[in-house]
Every structure is written in C-alpha cells, then in structure tokens.
Amino acid sequence: MSLPELRSPDESLFDEDDEALYKQDRTVRSEPWDANAFGRRFRHEIARVEGGVRIHYVIGGSGPALVLLHGFPQHWREWRLIMPSMADAGYTVIAPDLRGFGESDKPLDGFDVRTVSEDIREVIRQLGQDRVDLAGHDVGASVAYAWAAAHPDEVRRLALMEALPAGLEPPSASVPMLQGKATWHLAFGSTPDVPEALLANRERVLVEYLFRHAYDPTTFSQAEIDAYVRPLAALGGIRGAFAHIRAMPQSAKHNRSLSARKLAMPVLAIGSAMSFGKHMEDGARQFAESVTGRVVGRCGHWISEERPVWLSQQMNAFFGKSSTQSEFAQGRGA
C-alpha cells in the first residue's frame, strides 16, 4: 500500500495507441458520475460475518464471480467506473468495503490480512459462490494474495495492482519513496492515537494530499473527494483505515508463511509508470509461477479512476472476457 517515488513517466512504457486510449479515459472520468444509472444495475447489501461484523458490498451482473478489493483510503467506490464494463463482460461483480472502510463495521481488532480475507470469503460463501476471479489494489492486493495463497482452489485468476503483499517485497526493491521522501504515511498510520487526534475534522487534508498525486491532478472532483472523506470522518473512520497499516507486521508474517508455496493460478501484476511500474511484475514473480506484467502510462497510484478504460480492457483480457470501448461507454453508468 506504499507509494514509490513519483517520477517522470517513462514514455517507452506507453502503448503505441495510448494517446487515443488516454483521451477515452479522460472523457470517462471527467463526466459526472450518474449514481441513479449505476443504481439500476448494482445494489448495496450488508452481510454479517464472523463476530457479527457487518460487511457492506455492492453487487450486480450475472455469471462467474469477480471480486474487487479496494485500497487505502478508499472503499468500494474506486471501482465504480469499471464495474458496469465487467458486468457487461459476463460477471457477477462484487465490490466490498473492507472492515474499517466505507460502510463496513470498524471493530477494534481483526485487521490483519488473514482475518480481512476471511471476511470477504464469508461474504462470497453467503452469496453461493465457491470460486472467484479476484482483483486487489493497494491494501486490497495484500488481502487478495492472502486469500489466493491460503485457498488456491477458490481463486481462478488473481490481479494485483499498485502494491505487493505485505512481507513479500523483493529483497532488491528500494525503500518506497514519495517525492524523494520515505513513505511517511506508513509510519504516521502505525503510530497509535496520533492520526486520530491530528486528523479529527481534517480528514479532507489527507485525502486531497494523496489524490493530488494522480498523473492528472484534476482526476478527482470535489464530489468524489467528498465521497471518500465522509466515511473517514464518521465515528471510527480514521482508526479503522489506519488499523490496516498497524496490522502490517502481523500481515507480513502471515503472508511470508504462505509464500513457501508459489501461487499456481495466473497472476496479473499492474504497476503505474509514475509509481510501482515494473516492480509489480518483478515482485510478483517471487511468489507466483505464472505472471503477466503490465505498466500503465499517464497514471499515478489510482489506476481504476485515472485509467478506467485501459484497466477495463486489461482485466477483460486477463480474466478471459472481452468488451469493446462502445460497450464500456454504454455500460459504465456515468
């Protein structure tokens, strides 16, 4: 969930047709999101899992299950621009809020990846699904890995974006940097009580700072920033979000124990040219046998919202489905 050094994108990593595709991405994300249109295709639900913890999720479509796990400091909403496209491709799309985020409960413990992945597995079992295609971004990538490694028979394919699982960073990787400085938010979030005190009624400062590091600083409208600030400003919101960081040592220990056996299912490792880049593919090869790497240009850490058309195409291709741009435009509900 760390953000490596922001640097000028390597133009050699761009696809030949990336200029046209980037224009499509910019068009998609610049139009106001139509929540009513989206709501006609997807519904909000609540599931109770072990310990009575309530997990909020958004679901729509039909066919095999595709589970999308968000990152920090977001929630299910980060996937809103690609969910209709994936449903059009023939999936039941399920985007949960991890415990501590969004509309899910914010208990006092249970934020290690083993517990959080079990939350999501229980939701999927309650929906009658026994196998899934799985994608995770940032924090969600570590949770997705923990699920796939502990229960490989339940995950057909795995996509990891912009974060390597806690504890499985390659030995040769440099210390993640943010504008030439160590990723302060990990140390900050690991400190008990201080983030809650300093960010009380100032949650927007953190969200705006992080989102400002998109390739295009106008990617996130004020309305979208508001949508991410609201749950963080709710009771337990900041504590619940940073609890995932505070659990990283426990999560790292768990992931390392799982990594003794490499993943056998196909893995797609996606990095941004401004962030993880090819380190995603190189890192994934340390714990997976079959890895496809992709680097997305003109993009920061927030791939699903900065490059929704590009990501939709990559995911459809990797997960074995196909969707044209016209289908994406008709189905995105924005």
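Looking only at the range 98-120, count how many residues are surrounded by fewer than 24 Cβ atoms within 10 Å (Cβ to Cβ) and touching an Asp or Glu at 6+ places or on another chain (Cβ under 7 Å).
Within the range 98-120, residues that are surrounded by fewer than 24 Cβ atoms within 10 Å (Cβ to Cβ) and touching an Asp or Glu at 6+ places or on another chain (Cβ under 7 Å) number 2.
Of the conditions (1) crowded, with 24+ Cβ neighbours inside 10 Å; (2) of a type in the set (G, A, S); (3) in contact with a strand residue (DSSP E or B) (Cβ under 8 Å, 6 or more places away or on another chain), G293 clears all except one; give me its number.
All conditions are met except number (1).
Got a sec? Which of A166, A200 is over 21 Å from Q250 (Cβ atoms) and modelled with pLDDT of 85 or more? Talk me through it step by step, then tell me what you get.
Working: A166 fails: over 21 Å from Q250 (Cβ atoms).
Criteria check complete, one pass: A200.
I'm checking my understanding of the structure. Among residues of the range 50-82 that are without any contact (Cβ under 8 Å) to a residue 60 or more places away in the chain and assigned to a helix (DSSP H, G or I), which one is farthest from E224 (Cα to Cα)?
Looking at the filtered set, the residue picked out is G51.
From the list R99, R114, exactly one residue is basic (K, R), over 22 Å from E281 (Cβ atoms), in a helix (DSSP H, G or I) and at pLDDT 95 or above. Which is it?
Values: R99 fails: in a helix (DSSP H, G or I).
Every option except R114 fails the conditions.
Residues that are at pLDDT 95 or above, more than 21 Å from G189 (Cβ to Cβ) and among the hydrophobic types (A, V, I, L, M, F, W, C): does the range 269-277 have at least one?
Yes.
Taking A173 as meeting all but one of (1) modelled with pLDDT of 95 or more; (2) surrounded by 13 or more Cβ atoms within 10 Å (Cβ to Cβ), write down the number of the exception.
Here A173 meets the rest and fails (1).
Which residues, taken from the range 84-96, are crowded, with 24+ Cβ neighbours inside 10 Å and either of a type in the set (F, W, Y) or free of Cβ contacts under 8 Å to residues at least 60 places away in the same chain (or both)?
Y91, V93, I94, A95, P96
Does S251 satisfy the criteria of being surrounded by fewer than 19 Cβ atoms within 10 Å (Cβ to Cβ), modelled with pLDDT of 95 or more and farther than 23 Å from F319 by Cβ?
On the way: surrounded by fewer than 19 Cβ atoms within 10 Å (Cβ to Cβ): no; modelled with pLDDT of 95 or more: yes; farther than 23 Å from F319 by Cβ: yes.
So S251 fails the test.
Show the residue pairs that are 6+ apart or on different chains and have beta-carbon atoms under 7 Å apart, the first residue being within the range 185-196 and small (G, A, S), the second being not in a loop (DSSP other than H, G, I, E, B).
Final answer for the pair search is G189/P195; G189/F242; G189/I245; G189/R246; S190/I245; S190/R246.
Look at the range 209-229 and say how many of its residues are surrounded by fewer than 15 Cβ atoms within 10 Å (Cβ to Cβ) and either in contact with a strand residue (DSSP E or B) (Cβ under 7 Å, 6 or more places away or on another chain) or not β-branched (V, I, T) (or both).
Summing the residues that are surrounded by fewer than 15 Cβ atoms within 10 Å (Cβ to Cβ) and either in contact with a strand residue (DSSP E or B) (Cβ under 7 Å, 6 or more places away or on another chain) or not β-branched (V, I, T) (or both) in the range 209-229 gives 7.
Can you tell me which condition A163 does not meet? The list is (1) crowded, with 24+ Cβ neighbours inside 10 Å; (2) part of a helix (DSSP H, G or I); (3) touching a Phe, Trp or Tyr at 6+ places or on another chain (Cβ under 9 Å), and all the others hold.
Tallying (1) crowded, with 24+ Cβ neighbours inside 10 Å; (2) part of a helix (DSSP H, G or I); (3) touching a Phe, Trp or Tyr at 6+ places or on another chain (Cβ under 9 Å), A163 fails exactly one: (2).
When the residues of the range 63-83 are filtered to those that are within 18 Å of A247 (Cβ to Cβ) and among the hydrophobic types (A, V, I, L, M, F, W, C), which remaining residue is surrounded by the most Cβ atoms within 10 Å (Cβ to Cβ)?
Going through the qualifying residues, I end up with L69.
Could you run through the range 130-160 and say how many residues are under 18 Å from M280 (Cα atoms) and assigned to a helix (DSSP H, G or I)? Walk me through how you get there before you give the answer.
Taking the range 130-160 and keeping what is under 18 Å from M280 (Cα atoms), we get 134-146, 148-149, 157-160.
Then drop every residue that is not assigned to a helix (DSSP H, G or I), which leaves 139-146, 148-149.
Looking only at that region, the number is 10.
The values are calculated or read from the model by the stated rules, or taken from the named source; none is laboratory data. Computed from a predicted model, the values in this text were never measured in an experiment. Here Cβ is always computed from backbone atoms with ideal geometry, including for glycine, and neighbour counts include all displayed protein chains.
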